[in-house]
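Down below is the structure, laid out as structure tokens.
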Amino acid sequence: MEHMIDWKSKLTSRKLWMAVVGLVSGILVALKMDEQTVTQISGIIMAAASVVAYIIGEGWADAAHAEHE
């Protein structure tokens, strides 16, 4: 039986985005980036994650609304 990845759930998962921030932050620290730059880039990633989650959530709501019309 083939297992399909639920990308909508994955992309709206806070755990995924925190893992991405952790990975990127770790890489930036290893590259000796200053703390302010690491903080700014982490903030940008979390802001982008919020936008992705909002867009996917609105898409689900629109699809559910369309099904009931």
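Where the only charges are on Cβ atoms (+1 Lys, Arg; -1 Asp, Glu), what is the dipole of the chain about its Cα centre, to the nearest 20 debye? Dipole magnitude for the chain comes out near 400 debye.
Taken over the chain, the ratio of Cα radius of gyration to 2.2 N^0.38 Å equals 1.49.
The angle between the Cα long axis of helix 14-30 and the main principal axis of the chain comes to about 20°, on a 0 to 90 degree scale. Computed from the Cβ-Cβ distance with R0 of 35 Å, the FRET efficiency linking Met18 to Ala63 stands at 0.80. Label-to-label distance, Leu11 versus Ile56, with points set 7 angstrom from Cα along the beta-carbon direction: 0.7 nm. Between Met4 and Ala48, the contour length at 0.36 nm per residue exceeds the alpha carbon distance by 13.3 nm.
Only the coordinates and a few stated rules stand behind these numbers; no lab work does. Being a predicted model, the structure only gives us computed values, none of them experimental. Glycine also receives a Cβ, built like all others from the backbone with ideal geometry; neighbour counts cover every protein chain displayed.
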